[in-house]
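J.: What follows is a structure written as structure tokens; I'll ask about it next.
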Amino acid sequence: MDLQELFRQGQAALRVDLFDIAGTPVTVSTLISVFLIIIVTFLFSKGIRHAMERLIKRKDVLDAGNIAVASRLVHYVVLAFGLTIALQTMGINLTALFAAGAIFAVAIGFAMQNLTANFVSGLILLVERSVKPGDIVEVNDQIVMIKKMGIRAAIGRSLNEEDLIIPSSELVQSTVRNYTLRDSVTRLRVPVGVTYGSDMALVRRTLEKVATDMPWRSKKHEPVILMWEFGDSSVNFEVSVWTEDPWARQRHRSALHEAIWWAFKEAGITIAFPQLDVHFDEPVVQSLRGLKSAS
């Protein structure tokens, strides 16, 4: 038997019908193709997961547990894609399966829409890097330091030493103030009002000295003193000082308030408080005098 005859017999063996699926014959070559597709799918999934894990670890955006979750999800997606190709190779019509799966997916989607939104938001944050571990952000009027970034939620530490679980959708769909996105420099504004009889030049000099002497202020920006408005009972100033430690904003604001208080006290400047002047018409004054005389 020569090689050509052997090759023809091998081809004939590969074309042997083993069974039918929905009227489509399945041959030995079909099974071999399906087997190779599954092997390639697993190898491709393994390569994708290793590359993703190296990238995530290098950028330090997820901890080990979340990396494992993300890796497993990628594996399932790639595996589902490969199995789809394998089933189509065997001649299985996936139209009916996709129709049933679509209905099932819609039902699951309604039941798990919040979880899905958080998962998608987590992937967006992972790619955009707009919020990352170590960032100081303001969410729902709270200043939080991000400790961990997960697929579903982020873990943050508040100024009250509380651990907060922040859904990823909150960080994507709402306005989040990130104090450390490009740099850590942030501006502190402190209002203060003085009486109308005050020496305004002295007030400005005193505020400038207090702001300049703050040991924690950023040297990249000079303090700004503004005469903000003429109020009902006071002339209102605004003191702006920059700091490079946004996590200590509350302590810095308190220190600036206290320094202004003592500086005004030393300079003899009165901090204004609400006052009300009452003026009586002349008939009312005469009536009050009559009551006083009668008593």
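J.: Under 5 Å between amide H atoms, partner at least 5 residues away or on a different chain: which partners does Ala153 have, H built in plane at 1.01 Å?
T.: Ser168
J.: Would you pull out the residues with amide H under 5 Å of Leu164's amide H, same chain only if 5 or more places away, H placed 1.01 Å from N?
T.: Result for Leu164 returns Gly156, Arg157, Ser158.
J.: Report the semi-axes of the equivalent ellipsoid for the range 138-276 in whole Å, largest first, where each axis is √(5λ) for an eigenvalue λ of the Cα gyration tensor. Numbers along the way, then the final one.
T.: Numbers: eigenvalues 266, 52, 32 Å².
So the equivalent ellipsoid measures 36, 16, 13 Å along its semi-axes.
J.: Can you give me the accessible area per residue for the range 188-259, using a 1.4 Å probe, in Å²?
T.: Here the per-residue accessible area is 55 Å².
J.: Where Lys and Arg each count +1 and Asp and Glu each count -1, what net charge lies around Gln142 among other residues with Cβ under 13 Å from its Cβ?
T.: Working: positive: Arg157, Arg177, Arg249; negative: Glu138, Asp141, Glu161, Glu162, Asp163, Glu170.
Its environment carries a net charge of -3.
J.: Using 0.36 nm times the number of residues separating Lys219 and Leu159, minus their current alpha carbon distance, what extension gain do you get? Walk me through the numbers on the way to the answer.
T.: On the way: separation 60, 0.36 × 60 = 21.60 nm, distance 2.54 nm.
Here the segment from Lys219 to Leu159 would lengthen by 19.1 nm.
J.: In the range 151-255, what percent of the accessible surface is made up of carbon and sulfur (1.4 Å probe, ligands and nucleic acids excluded)?
T.: Details: 2880 of 5990 Å².
Carbon and sulfur: 48 percent of the exposed surface of the range 151-255.
J.: If you don't mind, there's one more thing I want to ask. Which number do you get for Rg(Cα) / (2.2 N^0.38 Å) in the range 194-295?
T.: 1.63
The values are calculated or read from the model by the stated rules, or taken from the named source; none is laboratory data. Please read all numbers here as calculations on a predicted model, not as lab measurements. Ideal geometry is used to build each Cβ from the backbone, glycine not excepted, and the neighbour counts take in all protein chains shown. The protein model used for the area step is the full one, side chains on, heavy atoms only, and it has no ligands, DNA or RNA in it. Shrake-Rupley method; radii C 1.70, N 1.55, O 1.52, S 1.80 Å.
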